[in-house]
Amino acid sequence: MVVVASALIINIRLILYSATMARYWRDTPWWWRLVAAYLIVDPSCAVGLNGYRRLSRRRAHAHYFGGAVLLWVCWLAAIGVGATVGAGLPAWLHLEFVMPLYLVGQTIPKLAHPAQRRAIFAAAAVALLALSAPLQLGIALAIAVGVTAGLTGHPDKPTQSPHPLQRTVEVRR
């Protein structure tokens, strides 16, 4: 019972990610939402949100889907390699630090945007305060607080950024 409850609590973030992406997926066919939701994990959500903020809706859908499928294939390949090679790697490599470093790398560029900065600091504060929460509840609570804090400001509007070559041509004129 504890294992099932822990798995549900830890994976509640996927519900929050889906809720975040729902506004971008509203007008898509049901089958697309089903496949897109199947592919949603932490990095694919980050890649998708980045695309929805920068690109037109159609291109952002392709951006999310392409990134999520690529991530899924690489994920399966990495699991296979890790399962076969990982046991033979020396402990001094401290591979347990890879995920926190990845998350820091994903977080730093987002500090420039006020709503994202608010969400990051709120989630980090709650995560630190709830470190001793039972069943890893601090993770789910930090995610919920971070999403809520990020949504309290003005929502991000997708912007059309011109192709890099178009910017070069406009500057030279």
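Counting just the residues of region 1-43 that are of a type in the set (S, T, N, Q) and over 17 Å from GLY150 (Cβ atoms), which one comes out surrounded by the fewest Cβ atoms within 10 Å (Cβ to Cβ)?
ASN11
Where residues in region 1-60 are among the hydroxyl-bearing types (Ser, Thr, Tyr) and assigned to a loop (DSSP other than H, G, I, E, B), which of them is farthest from TYR102 (Cα to Cα)? Break it down into steps so the answer makes sense when it comes.
Residues of region 1-60 that are among the hydroxyl-bearing types (Ser, Thr, Tyr), as a first pass: 6, 17-18, 20, 24, 28, 38, 44, 52, 56.
Checking which are assigned to a loop (DSSP other than H, G, I, E, B) leaves us with 28, 56.
Details: THR28: 31, SER56: 28 Å.
Selected residue: THR28.
Please enumerate the residues belonging to region 67-96 that are over 26 Å from MET21 (Cα atoms) and either touching a residue at least 40 places away in the same chain (Cβ under 8 Å) or among the β-branched types (Val, Ile, Thr) (or both).
Within region 67-96, ILE79, VAL81, THR84, VAL85 meet the criteria.
Which residue, of TYR64, TYR102, is of a type outside the set (A, V, I, L, M), farther than 20 Å from THR20 by Cα and either within 14 Å of the chain's Cα centre (by Cα) or in a loop (DSSP other than H, G, I, E, B) (or both)?
Going through TYR64, TYR102 in turn, just one is of a type outside the set (A, V, I, L, M), farther than 20 Å from THR20 by Cα and either within 14 Å of the chain's Cα centre (by Cα) or in a loop (DSSP other than H, G, I, E, B) (or both): TYR102.
Residues checked against (1) under 18 Å from ASP42 (Cα atoms); (2) modelled with pLDDT under 80; (3) surrounded by fewer than 10 Cβ atoms within 10 Å (Cβ to Cβ); (4) in contact with a Pro (Cβ under 9 Å, 6 or more places away or on another chain):
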residue: ALA78; (1), (2), (3), (4): yes, no, no, no
residue: PRO90; (1), (2), (3), (4): no, no, yes, no
residue: LEU129; (1), (2), (3), (4): no, no, no, no
residue: GLY153; (1), (2), (3), (4): no, yes, no, yes
residue: LYS157; (1), (2), (3), (4): no, yes, yes, no
residue: ARG172; (1), (2), (3), (4): no, yes, yes, no
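From the list THR84, THR107, which residue is under 22 Å from ALA144 (Cα atoms), among the polar types (S, T, N, Q) and either assigned to a loop (DSSP other than H, G, I, E, B) or modelled with pLDDT under 90 (or both)?
THR107
The values are calculated or read from the model by the stated rules, or taken from the named source; none is laboratory data. Everything numeric in this text was worked out from a predicted model, so none of it was measured. A quick note on method: Cβ atoms are made from the backbone with ideal geometry, for glycine too, and the neighbour counts reach across all protein chains shown.
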